[in-house]
């Protein structure tokens with residue numbers, strides 16, 4: 001691991017955890033080479049939601065939002081990353097002077113598009129279920145006792 005004021009280069013072996021869901025975000029990770037599975041724990045089950053590789057960034061949302069990490073990242077092959085400290089990223093954003101800003105912006109745009117697609121999918125699913133429930137209620141009404149019963 002090479003440590004200087006701005007960046008840290010670090011290698012992860014297969015199975016090593018880069019980021020852990022629920023932890024504080026103190027670094028973003030730019031994948032130089034290798035692959036990382038991103039997973040979320042949902043209802044006690046681990047679900048892989050993405051596989052990231054060279055050029056991808058992981059951990060940026062926690063750093064930018066000051067919220068705990070919303071997913072875990074595990075190396076699935078030997079992986080080298082460049083770690084950027086949260087304060088370095090914030091200063092770069094303020095001064096607009098870090099080469100990572102363009103890929104970071106692209107990555108964030110992609111994540112927001114994915115989130116919007118998921119939201120749209122679940123909105124459609126919710127509306128379909130709502131219609132099905134309304135139809136079931138209507139069918140069940142004919143079995144309700146009346147005042148005459």
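Of all residues in the range 36-92, those satisfying the criterion of being out of contact with any strand residue (DSSP E or B) (no Cβ under 6 Å at 6 or more places or on another chain) and over 18 Å from residue 26 (Cα atoms) are 41, 42, 43, 44, 45, 55.
Of all residues in the range 104-112, one or more are surrounded by 12 or more Cβ atoms within 10 Å (Cβ to Cβ), modelled with pLDDT under 90 and over 12 Å from the mean Cα position of the chain (by Cα). The set of residues from the range 7-35 being outside any loop (DSSP other than H, G, I, E, B), at pLDDT 95 or above and more than 10 Å from residue 80 (Cα to Cα) comprises 17, 18, 19.
In the set (1) in contact with a strand residue (DSSP E or B) (Cβ under 9 Å, 6 or more places away or on another chain); (2) surrounded by fewer than 20 Cβ atoms within 10 Å (Cβ to Cβ); (3) farther than 18 Å from residue 108 by Cβ, residue 12 fails one condition alone, (2).
Among residues of the range 50-70 being within 9 Å of the chain's Cα centre (by Cα) and in a strand (DSSP E or B), the one that is surrounded by the most Cβ atoms within 10 Å (Cβ to Cβ) is 58.
Hey, among 89, 98, which residue is part of a loop (DSSP other than H, G, I, E, B), at pLDDT below 85, in contact with a helix residue (DSSP H, G or I) (Cβ under 8 Å, 6 or more places away or on another chain) and surrounded by 13 or more Cβ atoms within 10 Å (Cβ to Cβ)?
Matching residue, one of 89, 98: 98.
Here the condition is being in contact with a helix residue (DSSP H, G or I) (Cβ under 9 Å, 6 or more places away or on another chain) and assigned to a helix (DSSP H, G or I); of 104, 140, it holds for 104 alone. Residue 47 fulfils the conditions (1) surrounded by 15 or more Cβ atoms within 10 Å (Cβ to Cβ); (2) in a strand (DSSP E or B) except for a single criterion, (1).
The values are calculated or read from the model by the stated rules, or taken from the named source; none is laboratory data. Just so you know, these numbers come straight off a predicted model, no measurement behind them. All Cβ positions, glycine included, derive from the backbone under ideal geometry; neighbour counts span all protein chains shown.
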